[in-house]
Amino acid sequence: MDTYRLISEQTKKKLIIVLACTLVFSSMSATMFNVALPSITEELSLTSSQASWIVTSYMIIYALGAVSYGKLADKYTLKNLLTIGLLLFTIGSLVGFFSDNFAFIILARVMQAMGASVFPASAMIIPTRYFSPETRGRALGMTSAGLSLGVAIGPIIAGMMTTALHWHYLFALSVLPVIFIPFFRAYLDNQAGKDMKLDLVGAVLLGVTITCLLLGISTKELFYFPLVIVFLVLLMLRMKLAEEPFIRLELFKNRRYSLILILFALSSGIGFGLPYLTPLLLAEVNGVNAFISGLIMFPGATIAALLAKRGGELADKKGNSFLGYIALSSYFICFFNLSWIVGHSPYLILIILAFGYIAQSFFQMTLANTVSEVLPKSQIGVGMGLFMLTNFVASSIATALMGASLSGKLVSHQLNIFQVTNKATVYSNIYIVLSIIVIIMFTIYSVTISKSHSYSKMKSKGF
């Protein structure tokens, strides 16, 4: 029996709504503390490197958890994994709320990340497991809407709560998702995956590899990168020699899946330019403060959240490739126009940002739906986990590269073909590079979507 027949249609509708609401809090928790860092740093007398660990520790554990929960979902019931994740997230939030020292705040953020990392994996697995190919796009649209809404309101709520109350109340807000546990336990089935032995050695090697990579990127310490190579080689040997490796090499021998990961990495990297570059651009070029920057970014993310369900419906009706081309076209409209309106009215930037947020939401939906088509059911869990892991790694690399570009460390003035003379031009050059990357993505996507397009045609004909 197909897994999407395990629960009723009415239950599916309730399940996806609860999941979307949970994802709002998940994405908010990942972004809120960026706004509160200055207040936490001042109150606890932290150095900038110490304060950065409040974000870095969360990011590392969140990234590792996404692929770990994806793997565990192939063995254990999803309702139990979500219950454990929500409890860990709640306990971490309570620890953070009552913490008055740096060590306990880091512990709280690590526990939050250990719990919250079940959400991105579930956001991909639930639509794939419980929704038929004909309705999967709409389900992915709902999960994307939850993520986008959290991104939109997170910085604004964080700014308001930090100013009017105290940064501790950001942790209090994160306790609320615990109310969703009874709903997940009522709506999800009890079916577990096959009884397989978990490769703990492979899991540790993957964890150490990703940790060293993210630490090297965030701290800019070259010491970590040789370790990345060493542990990556050991991980590959483990994947080859273990009877049941944590991640199977066959997964990467699937050419279409590997290309999807490359496309998603590029999309995550350029997409991260929206929340990362926009506040800096508005502050350095337009002289806009952080709160107004949040208000300028809010409409675009909100529009993306409102249109996410519509995007999923388009994918169901006209195929993934149709939605993919809309997303890539929107990406190009966003970055190409940003390249020449730098320094102009912030209201122009507000309008153009909407295209970028919509593109990011639509393209993630497109690729996630395609993953569900190219992988066998036995590999969906870990495949979706790696899919989400790609997002965090690519975003971290993009942050380092964009930061180096803004500081002038990526290329010398003599080698800069655009002859940078002011900050506005620096941002313009970055947006031009992002536009070129979109063209490369469009080319890769056009060459590799033929099977998905054929699948959509067959589906529409009833095969």
**Asked** Looking at this structure, is Ser435 touching a helix residue (DSSP H, G or I) at 6+ places or on another chain (Cβ under 7 Å), modelled with pLDDT under 75, under 26 Å from Leu147 (Cα atoms) and among the hydroxyl-bearing types (Ser, Thr, Tyr)?
**Response** no
**Prompt:** Can you tell me which residue in segment 162-183 is nearest to the chain's Cα centre (by Cα), limited to those that are surrounded by fewer than 17 Cβ atoms within 10 Å (Cβ to Cβ) and not in a helix (DSSP H, G or I)?
**Reply:** His166
**Asked** Of the residues in segment 17-45, how many are modelled with pLDDT of 80 or more and aromatic (Phe, Trp, Tyr)?
**Response** 1
**Complete:** When every residue in segment 75-100 that is β-branched (Val, Ile, Thr) and out of contact with any Gly (no Cβ under 9 Å at 6 or more places or on another chain) is compared, the one most open to solvent (accessible area, probe 1.4 Å) is Val95
**Request:** Kindly list the number of the only condition in (1) in contact with a helix residue (DSSP H, G or I) (Cβ under 9 Å, 6 or more places away or on another chain); (2) among the aliphatic types (A, V, I, L, M); (3) at pLDDT 80 or above; (4) open to solvent by 40 Å² or more (accessible area, probe 1.4 Å) that fails for Val204.
**Result:** (1)
**Request:** Would you mention how many residues in segment 9-36 are under 14 Å from the mean Cα position of the chain (by Cα), open to solvent by less than 20 Å² (accessible area, probe 1.4 Å) and over 28 Å from Thr135 (Cβ atoms)?
**Result:** 1
**Message:** I'm told Val118 meets every condition in (1) touching a residue at least 60 places away in the same chain (Cβ under 8 Å); (2) within 16 Å of Thr143 (Cβ to Cβ) except one. Can you identify the failing condition by its number?
**Reply:** (1)
**Asked** Among Val371, Val285, which is the only one that is crowded, with 19+ Cβ neighbours inside 10 Å, among the β-branched types (Val, Ile, Thr) and over 30 Å from Ile126 (Cβ atoms)?
**Response** Val285
**Request:** Name the one entry in Val230, Val151 that is part of a helix (DSSP H, G or I), surrounded by fewer than 21 Cβ atoms within 10 Å (Cβ to Cβ) and out of contact with any His (no Cβ under 8 Å at 6 or more places or on another chain).
**Result:** Val230
**Request:** Would you point out the residue of segment 316-363, among those that are in a helix (DSSP H, G or I) and of a type in the set (Val, Ile, Thr), that is surrounded by the fewest Cβ atoms within 10 Å (Cβ to Cβ)?
**Result:** Ile351
**Asked** Among the numbered criteria (1) under 20 Å from Thr31 (Cα atoms); (2) modelled with pLDDT under 85; (3) open to solvent by less than 50 Å² (accessible area, probe 1.4 Å); (4) not β-branched (Val, Ile, Thr), which single criterion is violated by Glu313?
**Response** (1)
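Would you confirm, using the coordinates I've provided, whether Leu406 is surrounded by 15 or more Cβ atoms within 10 Å (Cβ to Cβ) and either at pLDDT 75 or above or part of a helix (DSSP H, G or I) (or both)?
Criteria met by Leu406.
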**Asked** Where in segment 237-293 are there helices (runs of 4 or more DSSP H), lying fully within it, with 2 or more residues that are closer than 26 Å to Phe332 by Cβ?
**Response** 255-271, 273-284
**Prompt:** Out of all the residues in segment 284-292, is one or more over 22 Å from the mean Cα position of the chain (by Cα), more than 22 Å from Leu149 (Cα to Cα), modelled with pLDDT under 85 and of a type in the set (Val, Ile, Thr)?
**Reply:** yes
**Prompt:** Considering segment 114-124 alone, what residues qualify as being hydrophobic (A, V, I, L, M, F, W, C) and buried (at least 24 other Cβ atoms within 10 Å of the Cβ)?
**Reply:** Ala116, Val118, Phe119, Ala121, Ala123, Met124
**Message:** If the requirement is being of a type outside the set (Ser, Thr, Tyr) and touching a Leu at 6+ places or on another chain (Cβ under 8 Å), which of these qualifies: Asn254, Asn286?
**Reply:** Asn254
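Among Ile341, Ile397, Ile303, Ile349, which is the only one that is of a type in the set (A, V, I, L, M) and within 16 Å of the chain's Cα centre (by Cα)?
From the options Ile341, Ile397, Ile303, Ile349, the qualifying one is Ile397.
The values are calculated or read from the model by the stated rules, or taken from the named source; none is laboratory data. Please read these numbers as outputs of a predicted model, since none were measured by experiment. All Cβ positions, glycine included, derive from the backbone under ideal geometry; neighbour counts span all protein chains shown. Side chains included, ligands, DNA and RNA excluded: accessible areas come from the protein's heavy atoms. Shrake-Rupley method; radii C 1.70, N 1.55, O 1.52, S 1.80 Å.
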